[in-house]
Amino acid sequence: MKAGFHRVRSARKLRLPRCANRLMHVAENTSPRRLKSMAAAFGFWTLLAVSYAFSAGLSGLSEGENPNWGRMLTWYLASFWLWMLLVPLLAWMGRRTAGAGWRRFCLVHVPASVAIALLQVVARVGVFWVIWHAEITTAHSFGEYLQREFVFNFYFAQLTYWVILAVLRGMDSKRHLRDERVRSARLETQLAQSQLQAMRMQLQPHFLFNTLNAISALALAEPNRARRMIARLGDLLRLTLEERHAPLVALSHELELVRCYLEIQHERFQDRLQTQFDVADDTLQAAVPGMLLQPVVENALRHGLLDKTTPGSVLVRARREGGYLHLSVEDDGLGLPENGVVEGVGLGTTRERLRMQFEHSASLEIRPRPDGGTRVQMRLPFRVHAEGTAA
């Protein structure tokens, strides 16, 4: 007997957590947002009932009658509160028949409208009879009173059913349209980000190939310089991999990558290359597309300084003007060709990335310098990078 008693008590203890979990589930579902929606629905249907009762009372006053406001409020509150309780059922049936064709729609809603209208009229008249039957002198029983009120109220309930169903289907259609627009916008954003990432991946093999080509040229003749370039290349690859999935990086991170790239080129050009940075402190945390400056700097070295017999220099500038960030890369090399600029992978991809990221708010211009050489100017909206690193 004792063992049996302990088994029952243990079983009861096991049931308690299940009940507690059910209560917690109900409490989680009854969120503040859901309570606000329920309160708004209750207020709407109550206000509708009061307005109908007030309108009926004014109509009676205009005909010289003394309206019974309590009876009128009971009549219309019973009617509209019942519809408030039936709305979730109508919404569920409307969703079940959405897009299923007119045949199924009619097979479901025509008999449903008859049944629900009948239920609503009987319940409405029943509530009114229970509260006010002592003052009703035109009928002696509930059946007699229901028969007298049935025809018009049944017709009105049928009409109300179809109006509510139409409104609910319109609201659902509007919600689905809004969701589709949000989904389409999200897909367009993901597509643009994928295209930007593809362009960035196109740049990485480009500069990596050029750097390895320069290292191979020094591997046999000057192995020490080649080893230093390989070490710098490792640092450069580490920086590119740190932010490989981020569409925007801090300008300080981009400048660090450019400095690392220029250190590799210093080993290649040695005394023939001088570099300068003129960067305002208030621009270091600006958000810029990753690998924005490196292809522009590489373009200045390849097309401006590579064939120059005398030493050359590269100047990188960054400043903020109002709501825009201005970046420029200048060289004192051979300048622009006479037949015009032919943009390769570096500049062409950089221009397209700016367009896709900022649309018409960004620009890239290539101009000759007054004292010789080339200046590439970029303008883009100034935005603070959320997780920018110091330069």
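Number of residues in segment 297-331 that are surrounded by 21 or more Cβ atoms within 10 Å (Cβ to Cβ) and either of a type in the set (Val, Ile, Thr) or on the phi > 0 side of the Ramachandran plot (or both): the value is 4. Residue by residue through segment 270-303, note down the ones that are without any contact (Cβ under 8 Å) to a residue 40 or more places away in the chain, in contact with a Leu (Cβ under 9 Å, 6 or more places away or on another chain) and within 22 Å of Arg228 (Cα to Cα). Hits for segment 270-303 are Val297, Leu301. The residue that is modelled with the lowest pLDDT, among those in segment 243-269 that are in a helix (DSSP H, G or I) and either at positive phi or among the acidic types (Asp, Glu) (or both), is Glu267. Candidates in segment 129-153 are the residues that are part of a helix (DSSP H, G or I) and of a type in the set (A, V, I, L, M); of these, the one that is nearest to Arg71 (Cα to Cα) is Ile131. Checking each residue in segment 94-106 for being surrounded by fewer than 18 Cβ atoms within 10 Å (Cβ to Cβ) and in contact (Cβ under 8 Å) with a residue 60 or more places away in the chain picks out Arg95, Ala98. Output the qualifying pairs, or none if there are none: Cβ atoms under 6 angstrom, residues six or more apart or on different chains, first residue in segment 370-381 and in a strand (DSSP E or B), second residue among the polar types (S, T, N, Q) and surrounded by fewer than 21 Cβ atoms within 10 Å (Cβ to Cβ). Short answer, once both residue conditions are applied: Arg375/Ser328; Gln377/Ser328; Arg379/Ser363; Pro381/Ser361.
Annotation: Leu334 fulfils all but one of (1) assigned to a helix (DSSP H, G or I); (2) surrounded by fewer than 17 Cβ atoms within 10 Å (Cβ to Cβ); (3) aliphatic (A, V, I, L, M); the unmet one is (1). Within segment 133-154, identify whether any single residue is in contact with a Leu (Cβ under 8 Å, 6 or more places away or on another chain), of a type in the set (Val, Ile, Thr) and either in contact (Cβ under 8 Å) with a residue 24 or more places away in the chain or surrounded by fewer than 17 Cβ atoms within 10 Å (Cβ to Cβ) (or both), and answer yes or no. Checked segment 133-154: no residue is in contact with a Leu (Cβ under 8 Å, 6 or more places away or on another chain), of a type in the set (Val, Ile, Thr) and either in contact (Cβ under 8 Å) with a residue 24 or more places away in the chain or surrounded by fewer than 17 Cβ atoms within 10 Å (Cβ to Cβ) (or both).
When residues in segment 41-92 are screened for being in contact (Cβ under 8 Å) with a residue 12 or more places away in the chain and among the hydroxyl-bearing types (Ser, Thr, Tyr), 5 of them pass.
Thr97 passes every criterion in (1) touching a Leu at 6+ places or on another chain (Cβ under 8 Å); (2) under 30 Å from Met171 (Cβ atoms) apart from (1).
The values are calculated or read from the model by the stated rules, or taken from the named source; none is laboratory data. Please read all numbers here as calculations on a predicted model, not as lab measurements. Every residue, glycine among them, receives a Cβ derived from its backbone with ideal geometry; neighbour counts consider all protein chains shown.
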